[in-house]
Amino acid sequence: MGRRHMEWAGRMDHMWGIPRKMMFMAVGAFAKTVANLLNTTSVRNADTLLRLVRYRPTGVPLITVSNHMSTLDDPVMWGFKGFPTSDATLGRWVLAAEDICFKNAVLSYFFRLGKCIPITRGAGIHQKYMDEALEHLRNGEWLHTFPEGKVTQEDVPIRRLKWGTSSLIVRSPVTPIVLPIVHRGFQEIMPENYIFGRRPVVPLCSKKIEIIVGEPIDFDLPSMKQMAISMSRNCSSPLLGWPATDEPTGLDEAAQRFLYAYISDQIRGVMEKLRALKI
């Protein structure tokens, strides 16, 4: 399993970083083409995203979260005008579905060069590669997640969020900046059921993409942790034997569950408000 996931290909020093730079240049050009030449992309509050990607304080990680409308959301959502899509150093890490992106050696190498981290859907928040994502946050890097956990192409409210993103926010040694993003239009560029129930071979064109960037969500984690400890004391839900968190006032499983659910609800609420906005 480890060989198939090719951790070595995702390291910055793999072949002096040349394959990664070439990958970001090629995929960046593809994203720019789909977003700006084949389709029309409008972005609200792009300056906030650009500022946090380029100029956030050294050592402070960034987590962007968005809805998930197609298999092309990433990288095309980063292809709008003015965004450094081809910069491999600034580029995001992203949690990617193992069963789609890491099915064989060729795909694994491709997505590893693109700074993708394999996640097994349904395997929980303590699976191996969540620790890899945490390591990138520890290094002050940018991580993007799709906390809904699956593609949803219908115009419906944001789904209940999985707890993986919340667990990373809590477990990161430095509290990340959390930036919510909502987009629409990708379901028309790469519809799940186009012909005979399959996606189109190439992205469709002459569509409109809208990307709405919110403001950073402020999480007072020390206060929230105390609240979680207090509110979870009489928890009667069945537990799975999660390890306590690492900080001096380590959270037991009941407190973790309360806190992850609370943070996920906060993020979902903000994303739902963004979804109602127009450009």
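For this structure, a couple of remarks:
- Selected residue [closer than 20 Å to Pro173 by Cα, touching a helix residue (DSSP H, G or I) at 6+ places or on another chain (Cβ under 7 Å) and modelled with pLDDT under 90] from Leu259, Leu239, Leu251: Leu251
- Summed over region 116-135, the residues that are open to solvent by less than 30 Å² (accessible area, probe 1.4 Å) and out of contact with any Gly (no Cβ under 6 Å at 6 or more places or on another chain) give a count of 9.
- The number of residues in region 77-104 that are in a strand (DSSP E or B) and among the aliphatic types (A, V, I, L, M) comes to 4.
- Residues in region 53-76 that are part of a loop (DSSP other than H, G, I, E, B) and within 15 Å of Val178 (Cα to Cα): Arg56, Pro57, Gly59, Val60, Pro61, Asn67.
- Residues within region 57-78 that are of a type in the set (Val, Ile, Thr) and either more than 22 Å from Leu168 (Cα to Cα) or without any contact (Cβ under 8 Å) to a residue 12 or more places away in the chain (or both), tallied: 2
- Only one entry of Arg159, Arg112 meets the criterion of being at negative phi, buried (at least 17 other Cβ atoms within 10 Å of the Cβ) and of a type in the set (Lys, Arg), and that entry is Arg112.
- Of all residue pairs spaced 6 or more apart or on separate chains, those with beta-carbon atoms under 9 Å, a first member in region 39-56 that is under 19 Å from Glu188 (Cβ atoms) and a second member that is open to solvent by 100 Å² or more (accessible area, probe 1.4 Å) and assigned to a strand (DSSP E or B) are Asn39/Lys208; Thr40/Lys208; Thr41/Lys208; Ser42/Lys208.
- Those residues of region 12-27 which are open to solvent by less than 100 Å² (accessible area, probe 1.4 Å) and either in contact with an Asp or Glu (Cβ under 8 Å, 6 or more places away or on another chain) or not in a helix (DSSP H, G or I) (or both), in sequence order: Phe24
- In region 176-228, residue modelled with the lowest pLDDT [restricted to those that are among the aromatic types (Phe, Trp, Tyr) and open to solvent by 70 Å² or more (accessible area, probe 1.4 Å)]: Phe196
The values are calculated or read from the model by the stated rules, or taken from the named source; none is laboratory data. Model, not experiment: these values are computed from the prediction. For neighbour counting, all protein chains shown are included, and Cβ atoms are generated from backbone atoms with ideal geometry for every residue, glycine included. Ligands, DNA and RNA are stripped out before the accessible areas are found, and what is left, the full protein with its side chains, is counted by its heavy atoms. Shrake-Rupley method; radii C 1.70, N 1.55, O 1.52, S 1.80 Å.
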